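Heads up: the structure comes next, in structure tokens.
The values are calculated or read from the model by the stated rules, or taken from the named source; none is laboratory data. Please read these numbers as outputs of a predicted model, since none were measured by experiment. With ideal geometry, Cβ positions are generated from the backbone for all residues, glycine too; neighbour counts draw on all protein chains shown. Ligands, DNA and RNA are excluded from the accessible area calculation, which covers all protein heavy atoms including side chains. Shrake-Rupley method; radii C 1.70, N 1.55, O 1.52, S 1.80 Å.
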Amino acid sequence: MPGRVDHAEDGPSRKRARFATTNGEVDSDVDVQEARSNLRGDGTKRARISEIGASKVSRRRTQERTPDSADIGNDDEPSERSLVDKAPSSPPKTQYDELRDGNFEHLTHEKEDDVLAEKWLKVTSSRSTNMLGDNAYADNAILESITCINFMCHERLHCDLGPLLNFIVGENGSGKSAVLTAITLCLGGKASSTNRGGSLKSFIKEGTEQARLIVKIKNKGHDAYRPEVYGESIIVERSFSKKGTSGFKVKSATGQVITTKRQEIEEIVEYYALQVDNPLNVLSQDNARQFLNASTKAQKYQFFVDGVQLQQLDNDYRLINENLENMIAKVPDQEARLKHAENELSEAKRKKEAIEGNHQIRVKHRILRGQLVWAQVEAEERALKLRQEELAAAHAEIAAMENTVEGKRAELEAADEKLARLKQGIEDAKTELKTAEEEAQEAERAYTGQKEVMAHLLVEEREAKLTLENAENSLADTQKKIEAEERRLEGTNGQAHSNKLQELEKAKKKVDDITKELEENKAAEQGIKESDEDAEKRLGLKSRELDGKKREIVVAEGKISSLDKNLRSKFDGYEAKVPDLLRMISDERRFRDKPIGPLGVHVKLLKPQWSAILESTLGRTLNGFLVTNNDDSRLLRDMMKHIGIRDCPVFLSRGRQQLDLRGKEPDESFETILRVLKFDNNLVRDQLILNNLIEQVVLTPDRQHAEQIMFDGSPPRNVKAVLCFQSGNRGHGLRLTENNGNLGSSPVRVRPDLKSRMHGDTESETVFLKEQLRQLEVEYRTIDAERRRLLQEVARWKKEKKRNEGDRKSLEVQLRKARVDVEHVEAELDMFEGVDGRLQGLKDQLQELTAERDHHGMQFGTLRRKKEDHNAVLEGLRSRKRDAKAQLADANERLKKVQHKHNRVSDARRVTLTEVHEGTAHVDILKEQKLPRKERAVQQQQQTVDEFTEGAKVIAPTRMLIPDGETYDTLNRQYDMLTKRLKQMEKEHGNEAEINQKYIEASNARKREAEILQSILQVNQRLKQTLRIRLDKWRMFQRHITAQSRCNFQYLLAERGFRGKLLFDHRRKFLDIHVEPDRTVGDDRGRSTKTLSGGEKSFSSICLLLSIWEAMGSPLRCLDEFDVFMDNVNRAVSTNMLVTAARRSVNRQYIFITPNAIEGRAKLDKDVHIVRLGDPRQPRIDE
């Protein structure tokens, strides 16, 4: 089925195309498409252009057509060729007509076009065997109902329509034709196109003021029109009154008003290609009567070109041609304007060249004016530069002083770092001294222990040697017995056999000996490897343990040394900057109450043996400070942050009176943390009680006693935990707790290297530390002796592993050689038979004794190697003992040197600190007094320079160079002289600025006119090309639509057995019908319609209408009173033909109006919907 196509040069369109769906093999070029105008953009409607085109073309149409009398006189011509030959001469053609028709060369292929059209027709007709099944309802573009209110003679007329074939039947005046008129008017058609009235007022029912039309359009499917807005139906409502007002409402399926613009109606009609203004699409009663019964050849042709919209396209393209001619006519006028602009430019250029003769004087005048203002700027800039130099000098002085201060600070930091390094060096020297002492002691212990080990090895060696000698004696006796037996056998079996047996026994014995040695070697290898790895692991653990113990000894020695020399500071256990913080607190006047801290300074430990455990238990609390209000807390935290203290918490204490602990402490027999501490400030005591419950934590040295206190029954009253020493290690603690029946113990992690924050009695602390040091030294010597023993053991196993690998390789070579010897001797003994059993038994015994001897020999060798190894270790220990004593002397000397250097650097640091304070004060004075004065002077002068510069830029935007030797006064005199000279010249020649402005304007005018001319030429060229392309497509459309109509007409005539053809004369714009109803006539040229009966003529006209409908792409086709002048036979045939053709047109809706009954003369089925309209004067009964 033909559809609608858009030209390729058109932009994208949202209007859908309706293409035919075929299953045949016909080439797609045969499909004749319904034409449509492309002059309109998306916002311009066809009606407007069509009216313009029609108004301009209608005047020509009366001149180009021949009179109706001429048309009638030529009705009997047999063919299109004869029509052309005998036609009167055509009126002269316009240039557009010749361009459009192209001498009608595109119509010279009639036979080929008919063949293609016939193929297409066969494809479509092949579906006629099951027309109802092949037909389908359209998802959209179907009119579902029409409602008329106060329209024509009807107060209310409602008509529901089917989606395919609709027959509206009724008496005259029942409203049949009103339905078609309502469709045309409601969907935007003009009143004049209905042939029922000249204006909308004439359609309003008498006695009413307003009429209303409602059309409901189906809107489903994938190509529905804006389904997200309208839904499954679009309701179009048009109202008009006798006052002349008219309006539209477009509603959604739910009745919601979407818009009231006519443009939306036109968009919907255009989108669905409804063509309500097309005279053949909605064929009204008058048009149907004229088309079917009384039309001439020219009128038929006009119906044809209007129906397939060839005339519409022709009108639009004629309008394009007229616009193109108008644009071409503008070219000479624009060329004249361009010539005038060029003359104006030449005159302006002449005047400009005349005035440019004085250009050098004017340039000199402008330069002098700029130099005058910039000379003032330079004077102010020189003053600014002087102020800036003074400011820079002040900055340089401050920078120099700050550099000096920074240098001193750097020296101070370097001194601090050096002091820290020296302090660490002192500690390292002490540690080294302690290590040297321990090394000497350990060397002595190791030497003594090694001698004892040597004594044990000598005893074991003597025992092993005696066992080995006994084994060798047994082996010798057995060997003698074997020799005696062999001599006996030799006398019996001969000397040769005996010799071979001896040789075989020796070879086998050698293989067995080597195999046994190799197995022993492999068995010993795994043991050696495991022993070596185990020794290394134990050595690593012992070395780490020794290093830790060494550090503990160094710390203890340092503490003892500090106590002995009174070098210990009470702040050594805190962060390095705590003394600075205390000085700042002392100098600060903003504190309401001076902070108290660090808390550890105010605590005295009465029993030094608990120092390390209590230091760990109390933790960061000893580092903290106490304040009595939030303001002091914030101020103290800011001071800590300023100097970089991170590990000193701040506690807020509200109480002023000491906490009352009556009834809250354990029994007096228990020693608690509180009872071993002494406080010089009650707030510190209370804070430790609150934070750490020191009044309820019991101290006991013995772990067993601690467990008895906590775990034997319920814990004593007011006892929360017990602290004790770990078994065998008084430097590490253990915490025992009981919580709701849950017993627990956790180690107290101590760090021996940390210095004590709590002070105590110097004498008792020294005694405790010395005792602790003695115990640590004993533990150190024990650990070191074990470490040295492990060192020797690791070295011995390494050596044993290497020796064992060498022995294995040698034994493997010997074993291969011995096995070869055995095989050789056994081969030679094959000739001998008989072996005495007693000799074999002796040999087996000999083999066992040999293995026993080898085992004892290996034991003896191992002990001898051990003795040699221990002798080497003993010699090394003797040398180590001498080296340790020398290192001890060196360590003492280095410690004295480091301490002396530390004292010198400390004195230098104090001097540098004083210089830093003095330099900082001097810098502050410069920044607060001298520098602001200099900066204000520079700012004021800079403001003056800026003001002068802004004024100068107004006159001369670019800075002007002042010649050497010129001043403001000399430049001003030159400027005045040139000003007078220029004024005299302007009187003679005119103003330069006006002349330059006129030149610029003339140049722009010439450029503008040239661009306009070029634009017109380009537009004309594009219009010509567009018109040529569109006319090519118009001719192609005319060609195929003609061929398809001819074939459809012949096919439809054949439905009743008629023959005939359509005769097109596109030159004279004629369309004639030749029909031969008699099948017996051999001539297939047919007869003129004047020779046909009335029924045959009406039937032929129906065939013509259907053939044209087949060439149209609109989904809606309406025909009013098509059977008025037919007899019953022709009426039935025509009706069936309309139904058949409608069923063959898939997705099309047909509305046929007839005053006669339809039953009995149509092939009715479920796709045929009959609407019966009654007399409007009587109530309507819906069927």
Open item on the list: Of all residues being β-branched (Val, Ile, Thr) and out of contact with any Lys or Arg (no Cβ under 8 Å at 6 or more places or on another chain) in the range 1087-1127, which is modelled with the lowest pLDDT? Just the residue, please.
Closed with: THR1091
Task: helices (runs of 4 or more DSSP H) completely within the range 600-712 that count 1 or more residues being open to solvent by 70 Å² or more (accessible area, probe 1.4 Å) and modelled with pLDDT under 90 - done: 630-643, 682-692, 703-711
TODO: Mind listing whichever residues of the range 222-235 are open to solvent by less than 50 Å² (accessible area, probe 1.4 Å) and without any contact (Cβ under 8 Å) to a residue 24 or more places away in the chain?
DONE: GLY231, ILE235
TODO: May I ask you to verify whether ASN219 is in contact (Cβ under 8 Å) with a residue 60 or more places away in the chain and open to solvent by less than 50 Å² (accessible area, probe 1.4 Å)?
DONE: yes
Open item on the list: Looking only at the range 319-339, how many residues end up being among the β-branched types (Val, Ile, Thr) and open to solvent by 60 Å² or more (accessible area, probe 1.4 Å)?
Closed with: 1
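Within the bounds of the range 601-622, is there any residue that is among the basic types (Lys, Arg), over 27 Å from LYS678 (Cα atoms) and under 58 Å from the mean Cα position of the chain (by Cα)? Don't jump to the end; show me each part of the working.
First, pick out the residues of the range 601-622 that are among the basic types (Lys, Arg): 604, 607, 620.
With the extra rule that they be over 27 Å from LYS678 (Cα atoms), the set shrinks to none.
No, that holds for no residue.
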Task: Of all residues making up the range 126-154, the number that are in contact with a helix residue (DSSP H, G or I) (Cβ under 7 Å, 6 or more places away or on another chain) and at pLDDT below 85 - done: 6
TODO: Could you please find all residues in the range 144-170 being among the aliphatic types (A, V, I, L, M) and either over 27 Å from GLU209 (Cβ atoms) or outside any strand (DSSP E or B) (or both)?
DONE: MET152, LEU161, LEU164, LEU165, ILE168, VAL169
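Do we have any residue at all in the range 982-1001 that's at pLDDT 85 or above, in contact with a helix residue (DSSP H, G or I) (Cβ under 7 Å, 6 or more places away or on another chain) and either assigned to a helix (DSSP H, G or I) or over 24 Å from ALA1111 (Cα atoms) (or both)?
The initial filter retains those residues of the range 982-1001 that are at pLDDT 85 or above, namely 1000-1001.
Adding the requirement that they be in contact with a helix residue (DSSP H, G or I) (Cβ under 7 Å, 6 or more places away or on another chain) leaves none.
No, there is no match, as no residue in the range 982-1001 is at pLDDT 85 or above, in contact with a helix residue (DSSP H, G or I) (Cβ under 7 Å, 6 or more places away or on another chain) and either assigned to a helix (DSSP H, G or I) or over 24 Å from ALA1111 (Cα atoms) (or both).
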Task: Residue identified as crowded, with 18+ Cβ neighbours inside 10 Å and either of a type in the set (S, T, N, Q) or part of a helix (DSSP H, G or I) (or both) among GLU417, GLU439, GLU397, GLU389 - done: GLU439
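Quick check on my filter: what residues within the range 523-535 are of a type in the set (Asp, Glu) and surrounded by fewer than 16 Cβ atoms within 10 Å (Cβ to Cβ)? Break it down stepwise before answering.
In the first step, residues of the range 523-535 are kept if they are of a type in the set (Asp, Glu); the result is 525, 530, 532-534.
Result: GLU530, GLU533, ASP534.
Of everything in the range 745-796 that's within 60 Å of the chain's Cα centre (by Cα) and modelled with pLDDT of 75 or more, which residue is most open to solvent (accessible area, probe 1.4 Å)? Write out each step before concluding.
Of the range 745-796, the ones within 60 Å of the chain's Cα centre (by Cα) are 745-757.
Subset that is modelled with pLDDT of 75 or more: 745-748, 756-757.
On the way: SER745: 74, SER746: 52, PRO747: 58, VAL748: 15, SER756: 16, ARG757: 29 Å².
The qualifying residue most open to solvent (accessible area, probe 1.4 Å) is SER745.
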Open item on the list: Looking for something out of contact with any helix residue (DSSP H, G or I) (no Cβ under 9 Å at 6 or more places or on another chain), modelled with pLDDT of 90 or more and not hydroxyl-bearing (Ser, Thr, Tyr) - is there at least one such residue anywhere in the range 186-194?
Closed with: no
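Go through the residues of the range 937-960 one by one and say whether even a single one is over 60 Å from the mean Cα position of the chain (by Cα), open to solvent by 40 Å² or more (accessible area, probe 1.4 Å) and among the aromatic types (Phe, Trp, Tyr).
No - not one qualifying residue is present in the range 937-960.
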TODO: Quick one: which residue in SER82, SER89 is among the polar types (S, T, N, Q), at pLDDT below 50, surrounded by 14 or more Cβ atoms within 10 Å (Cβ to Cβ) and farther than 30 Å from ILE235 by Cα?
DONE: SER82
Open item on the list: Which count do you get for residues in the range 185-213 that are open to solvent by 20 Å² or more (accessible area, probe 1.4 Å), part of a helix (DSSP H, G or I) and not small (Gly, Ala, Ser)?
Closed with: 2
Open item on the list: With the requirement that a residue be farther than 27 Å from VAL676 by Cα and in contact (Cβ under 8 Å) with a residue 60 or more places away in the chain, what does the range 623-653 give you?
Closed with: ILE643, GLY644, ILE645, ARG646
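I need the full set of residues from the range 713-730 which are at pLDDT below 85 and either charged (D, E, K, R) or within 30 Å of PHE651 (Cα to Cα) (or both), in order please. Outline the logic, then answer.
Residues of the range 713-730 that are at pLDDT below 85, as a first pass: 713-715, 725-730.
Within the range 713-730, just ARG730 meets the criteria.
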TODO: List the helices (runs of 4 or more DSSP H) that sit entirely inside the range 214-319 and contain at least 3 residues that are farther than 27 Å from GLU1121 by Cβ.
DONE: 227-230, 262-272
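Among what's in the range 589-599 and is of a type outside the set (A, V, I, L, M) and either at pLDDT below 85 or open to solvent by 10 Å² or more (accessible area, probe 1.4 Å) (or both), pick the residue that is nearest to SER746 (Cα to Cα).
GLY597
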Task: ALA429 open to solvent by less than 20 Å² (accessible area, probe 1.4 Å), part of a helix (DSSP H, G or I) and either in contact (Cβ under 8 Å) with a residue 24 or more places away in the chain or out of contact with any Cys (no Cβ under 7 Å at 6 or more places or on another chain) (or both) - done: yes
Task: Test set (1) closer than 16 Å to PHE1122 by Cα; (2) surrounded by fewer than 22 Cβ atoms within 10 Å (Cβ to Cβ); (3) of a type in the set (A, V, I, L, M, F, W, C) - MET152 fails condition number - done: (1)
Open item on the list: Considering only the range 1035-1048, I want to know if a residue exists there that is among the aliphatic types (A, V, I, L, M) and out of contact with any Asp or Glu (no Cβ under 9 Å at 6 or more places or on another chain).
Closed with: yes
Open item on the list: I'd like to know if the range 576-598 contains one or more residues that are touching a residue at least 24 places away in the same chain (Cβ under 8 Å), polar (S, T, N, Q) and out of contact with any strand residue (DSSP E or B) (no Cβ under 9 Å at 6 or more places or on another chain).
Closed with: no
Open item on the list: Among (1) of a type in the set (D, E, K, R); (2) in contact (Cβ under 8 Å) with a residue 40 or more places away in the chain; (3) out of contact with any helix residue (DSSP H, G or I) (no Cβ under 7 Å at 6 or more places or on another chain), there is one condition GLU1011 misses while meeting the rest; what is its number?
Closed with: (2)
